[in-house]
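Working notes for the structure below.
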Amino acid sequence: MIFTDTHTHLYSDAFADDRKETINRAISSGVTRFFIPAIDSSYTESMFELEREFPDNIFLMMGLHPTDVKPETYKKELALVESELARRKYYAVGEIGIDLYWDKSTLAIQQEAFQYQIQLAKKYNLPINIHCRDAFDEVFEVLEREKGDNLRGIFHCFTGTEEQALKAISYNLKLGIGGVATFKNGKIDQFLNKIPLVHIVLETDSPYLAPVPYRGKRNESAYIVNIAEKLSDIYALPLEEIAKQTTANSTAVFGI
């Protein structure tokens, strides 16, 4: 079985003491593909280091995270994103989107940065990886403006309603399903089996959002297997089928 973690922050300081061991533990569990979202330019060199150490397993994204869209720096950061996309191969533009949990005052520039980065993804024929927190309507507003055959990607850490899931899928997006699906109050497990598995990819968002039974502890990519086991229960399918289909879905998005 090959599992794919479509969203993991392996460069995080949370892994400073055992990064290599954490990655090898995941690989030993069958999680052999790791897609790494960008935050801002301060993490870029750490991402390159991961890629150098595990060139067959690490696949990088490039983008500006919405919580790092700051009035004084975002235009410079976006210019760096575009220069990187022009310079070398990345597998997606992400993570990008809108986050109104931390700061509502930057909504206008968050939307501007989100739309601009979607346009960069189209320019370089790449998928997008969307971060959305307390901002479904605002994210959908931008997606509606940019919808089309050349828009594709993943709605990372999807925690919305069935209606919102179907709307995201209508924009040619897969749903990134992680630890929240294992939470008693996560709610998405109540309707997920109505969503065809072809629209689902697995993710950890490690070191955040560890699944049950590790909830509240540091998350890591090996726990993709726990999330897959939950989906096996939800869809009443063998674990092997969950692994096979979700990895195929990730390949359809990222092209590798």
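Summary of computed values
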item: Förster radius 25 Å - calculated FRET efficiency between E112 and F183, Cβ distance, rounded to 0.05; result: 0.15
item: Carbon and sulfur %, accessible surface of the chain computed with the full protein complex present, 1.4 Å; result: 49
item: V225, V253, V212, ranked by accessible area, largest first (probe 1.4 Å); result: V212, V225, V253
item: Distant-in-sequence amide H partners of I154 (H built 1.01 Å from N, under 5 Å); result: I128, N129, I130, K174
item: Gain in span if fully extended, R133 to K194, counting 0.36 nm per residue against the direct Cα distance; result: 19.6 nm
item: Computed [θ] at 222 nm, helices only, for the chain once each DSSP H run of length n ≥ 4 contributes -39500 (n - 2.57); result: -12000 deg cm²/dmol
item: Which of L197, G63, H7, positive extreme of dipole for the chain (C-beta unit charges); result: L197
item: Length gained when the stretch E141-K75 is fully extended (0.36 nm per residue, less Cα-Cα span); result: 21.6 nm
item: Student exercise, the chain dipole from Lys, Arg, Asp, Glu Cβ charges, in Debye to nearest 20; result: 380
item: Per residue, in Å², the accessible surface of the stretch 23-182 once ligands and nucleic acids are set aside, probe 1.4 Å; result: 43
item: Cβ-Cβ FRET estimate between T161 and R52, R0 fixed at 51 Å, reported to 0.05; result: 0.80
item: Volume in Å³ per residue [convex hull over Cα atoms, computed for the chain]; result: 116
item: Tail beyond 19 Å, pair distance distribution of the stretch 140-256 (Cα, percent); result: 44
item: Using θ = phi - 60° and Karplus 6.51 cos²θ - 1.76 cosθ + 1.60, couplings along the stretch 37-43 (whole Hz; Gly, Pro as x); result: x, 8, 10, 7, 5, 5, 9
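The values are calculated or read from the model by the stated rules, or taken from the named source; none is laboratory data. From a predicted model like this one, the values you see are computed outputs, not experimental measurements. Don't worry about glycine lacking a Cβ; one is built from the backbone with ideal geometry, like all the others, and counts go over all protein chains shown. Accessible surface areas use protein heavy atoms only, side chains included; no ligands, DNA or RNA. Shrake-Rupley method; radii C 1.70, N 1.55, O 1.52, S 1.80 Å.
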